[in-house]
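What follows is one structure encoded as structure tokens, with my remarks underneath.
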Amino acid sequence: MPTILQLYPTLVAYLYAMLQPILFALLLLAAFGLFAWQVRKIRANILVGRARDMSGHPAERLRKMLLVAFGQQKMFKRLTPAFLHLVVYVGFLVINIEVAEIIIDGLFGTHRVLGILGPVYDGLMAVNEVLAALVIIAVAAFWWRRNHQPPVRRFTGIELRAWPKLDANIILYIEVALMVALFFMNSADLRLHELEGKTLPGAFPISHFLSQLLPTSVGVAGLHVLERTGWWLHITGILLFLNYLPSSKHFHIILAFPNVWFSRLVPQGQFSNVESITHEVKAMLDPSYEVPAAPLGPDGSALAPTPFGAKDVDDLPWTSLMSAYSCTECGRCTSVCPANLTGKLLSPRKIIMDTRDRVEEKYHSPIIFHPNLYGEEAKHEPVDADQPLLRGKVTAEELWACTTCNACVESCPVNINPLESIIEMRRFLVLEESAAPNSLNVMFSNIENNGAPWAFSPSDRLNWADELYVAERA
């Protein structure tokens, strides 16, 4: 009769088989529940912005989303980072197949359940392993470019102090850890099946080599423990990574798609009009035009007048707030900004990051870490946390440095529009505070008095033609 010590491994295996689905289901419930709570809060933060109707044109929006968000169209303006990013992007798309398999196995106690696909499964696993290896290489290249090679301009700036810089590196470390756990799991599983005289479904070119490094002295029981350890580390790491995303710039993995879908479809240089001013101009030009009645609140009372432009995040449209959460902090916008390149204070990336920081600060976002850490090297003095976006985080000097050239809008890989936020804050400065620079005030005065930006009377406007006529007759 076998002793209790001899039965111990069998009992442990039996108890594990019984408890694994329960433990795994609890892990999934906690992970997805926490992620849903974070997403719900961020959605509420985005919707504090002004209402904006972005319906219509579904075919055009779908085409743009497939090209820009899914197809990475704008990334390929810079080939080296585009290729590295493509490797990581495709690697994480393909690895989701294995994640789906792990979830099924974890809930139902199966093992390599998708192995029933036969040759298709072999191909998927082989591609998955090769991509996982390439992801490690690409991540190492990203880490070197960001930390050790001569500084790339877009990796520097006052907005990338402390947390934003650390966050980028944390993501790189997590990606490597997830790939290592994957190889650890597959290698132990291959070695285990080899010792048991069985064939593991799938083709694993990288793990097949690594499995030979595992000593046979570990034994079947030890290899089983190693395989299960790799399995739990891999899936738990993925779920932790999922819940880290809302605290990170890498939330763009999810928000890039709706952000591109809801991006503007009008020409880049077309500014939006203030509706109330449009009505007043129409009434001035056409006395028969009836200005629409002001909207009423739920109780039938008149709503408070909407300010011109934007002083704080509530005054920006909700699409601008979603863009702030979609920002990859890649710096492509700032690297092509002519104002920034000539030493001006403006950084379009900082405008977007300031907007996100202000939303989190004002509406108590679930973000675990506070990213608004510019340090002592900031070019302007830190201000009271209760200050609004304009003059609290963004200075007038930054806003007036913008040339409205749309270079930042054109370069953004996820269709963020920093210019829109800049224009809205400028509108507030001009229309609410009359705080335009003196050069603009002179132009405004000339337009008001002379009907043109120049300080010449309208009666002298055609003098050049008279002078030209006299010169031609002479």
How many residues does the range 313-350 hold that are assigned to a loop (DSSP other than H, G, I, E, B) and not aliphatic (A, V, I, L, M)?
10
Consider Lys344 carefully, then state whether it is open to solvent by 70 Å² or more (accessible area, probe 1.4 Å) and in contact with a Phe, Trp or Tyr (Cβ under 7 Å, 6 or more places away or on another chain).
no
Residues being within 30 Å of Thr306 (Cβ to Cβ) and not hydroxyl-bearing (Ser, Thr, Tyr): count how many of those fall in the range 23-77.
22
If you scan the range 33-49, which residues turn out to be under 23 Å from Leu316 (Cα atoms), open to solvent by 40 Å² or more (accessible area, probe 1.4 Å) and part of a helix (DSSP H, G or I)?
Val39, Arg40, Lys41, Arg43, Ala44
So Ile447, is it under 20 Å from Met353 (Cβ atoms) and surrounded by fewer than 21 Cβ atoms within 10 Å (Cβ to Cβ):
no
From the list Arg349, Arg356, exactly one residue is in contact with a Gly (Cβ under 7 Å, 6 or more places away or on another chain), at pLDDT 50 or above and within 24 Å of His252 (Cβ to Cβ). Which is it?
Arg349
Is it the case that some residue within the range 209-218 is assigned by TED's automatic domain parsing to the domain that holds Pro21, farther than 28 Å from Tyr121 by Cα and either part of a helix (DSSP H, G or I) or within 17 Å of the chain's Cα centre (by Cα) (or both)?
yes
Does any residue in the range 408-420 that is within 18 Å of Arg61 (Cβ to Cβ) come within less than 7 Å, Cβ to Cβ, of a residue that is small (Gly, Ala, Ser) and outside any helix (DSSP H, G or I) six or more places away or on a different chain, and which pairs are these?
Asn415/Ser263
Every residue from the range 431-444 that is out of contact with any Gly (no Cβ under 7 Å at 6 or more places or on another chain) and surrounded by 12 or more Cβ atoms within 10 Å (Cβ to Cβ):
Glu433, Ala435, Ala436, Pro437, Leu440, Asn441, Val442, Met443, Phe444
Restricting to the range 273-304, give me the number of residues that are assigned to a loop (DSSP other than H, G, I, E, B) and open to solvent by less than 40 Å² (accessible area, probe 1.4 Å).
2
Kindly indicate whether any position in the range 40-63 is closer than 30 Å to Asp105 by Cα and modelled with pLDDT of 90 or more.
yes
Return the residues of the range 450-474 that are open to solvent by 80 Å² or more (accessible area, probe 1.4 Å) and part of a helix (DSSP H, G or I); say none if nothing qualifies.
Ser459, Trp464, Asp466, Glu467, Leu468, Tyr469, Val470, Glu472, Arg473
Hey, among Ala132, Ala140, Ala162, Ala126, which residue is at pLDDT 90 or above, loosely packed, with under 15 Cβ neighbours inside 10 Å and small (Gly, Ala, Ser)?
Ala140
Do you know which residues across the range 72-90 are open to solvent by 40 Å² or more (accessible area, probe 1.4 Å) and either farther than 15 Å from Arg154 by Cβ or assigned to a helix (DSSP H, G or I) (or both)?
Gln73, Phe76, Lys77, Leu79, Thr80, Phe83, His85, Leu86, Tyr89, Val90
Can Arg52 be described as touching a residue at least 60 places away in the same chain (Cβ under 8 Å) and either out of contact with any Lys or Arg (no Cβ under 6 Å at 6 or more places or on another chain) or part of a loop (DSSP other than H, G, I, E, B) (or both)?
yes
For the range 55-71, name all the residues that are part of a loop (DSSP other than H, G, I, E, B), farther than 30 Å from Ala140 by Cα and open to solvent by less than 70 Å² (accessible area, probe 1.4 Å).
Gly56
Does Arg191 fit the bill of being surrounded by fewer than 18 Cβ atoms within 10 Å (Cβ to Cβ) and either touching a Ser or Thr at 6+ places or on another chain (Cβ under 6 Å) or outside the structural domain of Leu28 (by TED's automatic domain parsing) (or both)?
no
Please determine, by comparing only the residues of the range 225-238 that are surrounded by fewer than 20 Cβ atoms within 10 Å (Cβ to Cβ) and either among the β-branched types (Val, Ile, Thr) or in contact with a helix residue (DSSP H, G or I) (Cβ under 8 Å, 6 or more places away or on another chain) (or both), which one is nearest to Ser207 (Cα to Cα).
Leu226
Applying the selection to the range 417-444, what residues are at pLDDT below 90 and polar (S, T, N, Q)?
Ser434, Asn438, Ser439, Asn441
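The values are calculated or read from the model by the stated rules, or taken from the named source; none is laboratory data. Just so you know, these numbers come straight off a predicted model, no measurement behind them. Backbone-built Cβ (ideal geometry, glycine too); neighbour counts: all protein chains shown. Only protein heavy atoms, including side chains, enter the accessible area calculation; ligands, DNA and RNA are left aside. Shrake-Rupley method; radii C 1.70, N 1.55, O 1.52, S 1.80 Å.
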